[in-house]
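The values are calculated or read from the model by the stated rules, or taken from the named source; none is laboratory data. Keep in mind that this is a model prediction, so the values were computed, not measured. Methodologically, a virtual Cβ is constructed for each residue, glycine included, from the backbone with ideal geometry; neighbour enumeration extends over all protein chains shown.
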């Protein structure tokens, strides 16, 4: 499996640095309660570094080959065919799964299906413009594997999510010698070219149309009478009464 290249790379010196930064980011970004449902698509093996698996009773890891942390509840399933009912999940985590998936759009559509309205999505991905990341894949890849994974940029991920009515809440970048850098501000987007990986946190928005009542149509051959103030009518009656008396 191509994604095993990622797992092996995370045990290199630079991989450990990035793993630590992403673990800190996930720990701060997971704000749902212990009773809510969290689904992670793609096992990493160190889920315990950013989530207390014993406290979150409904934390599930979906993966058909890789093994997750032994205390997690793992489900063997395809990433683009999640075994969950519609609108039953509160948070979905995609840790470097899109760049190794041949069904990117199907995966995102299925995530949209299972997420509740106002549910949250966290996407972790490698920066396709970073030369070092591409060279590392070539170094650690398996034989007969493609030369490069289909890395997806942060802006493209945001565009795909916008089409599914997701609103990007915040975007961050990770490097090997710095902590997370926020890149949601347009003035800081130049830094995005130099980061090794990025994170996108989005919210599923559900916009419901409010039906408007049809406008009442009046017949053109009928004219509305001019409304007269009741005070004027009373004055007119008093004047006629005085003249007759």
What is the one condition in (1) out of contact with any helix residue (DSSP H, G or I) (no Cβ under 8 Å at 6 or more places or on another chain); (2) surrounded by 15 or more Cβ atoms within 10 Å (Cβ to Cβ) that residue 83 does not satisfy? (2)
With respect to residue 49, is the statement that it is at pLDDT below 90 and touching a helix residue (DSSP H, G or I) at 6+ places or on another chain (Cβ under 8 Å) true? no
Scanning the stretch 138-151 residue by residue, those within 25 Å of residue 201 (Cβ to Cβ) and either modelled with pLDDT under 65 or crowded, with 18+ Cβ neighbours inside 10 Å (or both) turn out to be 149, 151
Hey, residue 17 at pLDDT below 95 and touching a helix residue (DSSP H, G or I) at 6+ places or on another chain (Cβ under 9 Å) or not: no
